[in-house]
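Read-outs: derived from the displayed coordinates by stated rules, not from any lab. The structure presented is a predicted model; accordingly, all values stated were derived computationally and were not measured. When we count neighbours, we look across all protein chains shown, and the Cβ atoms used for this are built from the backbone with ideal geometry, even at glycine.
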Ligand SMILES: [Zn+2]
């Protein structure tokens, strides 16, 4: 079961700044579902980091001012 829904910005994203292909598809654009390129993921990570976030929420609607997940009700099983 996957229960993390945020990515650590410094350890999970910015450490791959020199190898952005590793970040391809890590995030999807809200609304369209388009996979973001590594460069787009990085630019979002830098933007969030500049606002004081430590983590980048992924498909998470319950997070604090640092982007850390605050938990969820039991997720429905597929
Ligand atoms: Zn969450």
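Model label sites at residue 19 and residue 34, defined 7 Å from Cα along the beta-carbon direction, differ in position by 2.7 nm.
Ranking of 7, 14 by neighbouring Cβ atoms within 10 Å, starting from the fewest: 14, 7. Label positions at residue 51 and residue 73, each projected 7 Å from the Cα along the C-beta direction, are separated by 2.7 nm. Once the Cα atoms are used to define both axes, helix 38-50 deviates from the longest principal axis of the chain by about 80 degrees.
In units of 2.2 N^0.38 Å, what is the alpha-carbon radius of gyration of the range 6-57?
Here the answer is 1.03, to two decimals.
As a proxy for reagent exposure, 53, 46, 16 were ordered by neighbouring Cβ count within 10 angstrom, fewest first; the result is 46, 16, 53.
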